[in-house]
Amino acid sequence: MTADLPVGAARFFTFRGASGRTADFFVYRESAGTARAALDACRTCARFKKGYRLEGGRMVCVYCGMRF
């Protein structure tokens, strides 16, 4: 899943559990080369279910614009 993920890139996924509920997440390769995974939901804005977008090598909350 991450072997061919370039530095500064992200891939978005959705996990669907046996109950049918879903959890959106992404895998991102940071500049040091380490792959990280996180839920696709801003801690503050999760209830709006907008998630993140990749912009200039940073993850940006679609709702509030906070950058990580």
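With the requirement that a residue be open to solvent by 80 Å² or more (accessible area, probe 1.4 Å) and farther than 20 Å from residue 50 by Cα, what does region 1-22 give you?
Of everything in region 1-22, those that are open to solvent by 80 Å² or more (accessible area, probe 1.4 Å) and farther than 20 Å from residue 50 by Cα turn out to be 1, 3, 4, 7, 18, 19.
Would you check which residues across region 23-44 are over 15 Å from residue 58 (Cβ atoms) and surrounded by fewer than 10 Cβ atoms within 10 Å (Cβ to Cβ) and list them?
Scanning region 23-44 gives 33, 43.
Return the residues of region 45-54 that are surrounded by 11 or more Cβ atoms within 10 Å (Cβ to Cβ) and either of a type outside the set (Gly, Ala, Ser) or in contact (Cβ under 8 Å) with a residue 24 or more places away in the chain (or both); say none if nothing qualifies.
Listed by number, the residues that qualify are 45, 48, 49, 50, 51, 52, 53, 54.
List pairs: first residue in region 1-16 and modelled with pLDDT under 90, second residue outside any loop (DSSP other than H, G, I, E, B) anywhere in the structure, Cβ distance under 6 angstrom, at least six positions apart or on different chains.
2/27; 2/35
Please state which one of 41, 3 is in a loop (DSSP other than H, G, I, E, B) and either at positive phi or more than 13 Å from the chain's Cα centre (by Cα) (or both).
Only one candidate passes the filter, namely 3.
May I ask you to list the residues in region 44-59 that are at negative phi and either at pLDDT 95 or above or not hydrophobic (A, V, I, L, M, F, W, C) (or both)?
44, 47, 50, 52, 53, 55, 58 - these are the residues of region 44-59 that are at negative phi and either at pLDDT 95 or above or not hydrophobic (A, V, I, L, M, F, W, C) (or both).
The values are calculated or read from the model by the stated rules, or taken from the named source; none is laboratory data. Predicted model, so just to flag it, every value in this text is computed and none were measured. Glycine also receives a Cβ, built like all others from the backbone with ideal geometry; neighbour counts cover every protein chain displayed. To get the accessible areas, we keep the full protein, side chains included, count just its heavy atoms, and leave off ligands, DNA and RNA. Shrake-Rupley method; radii C 1.70, N 1.55, O 1.52, S 1.80 Å.
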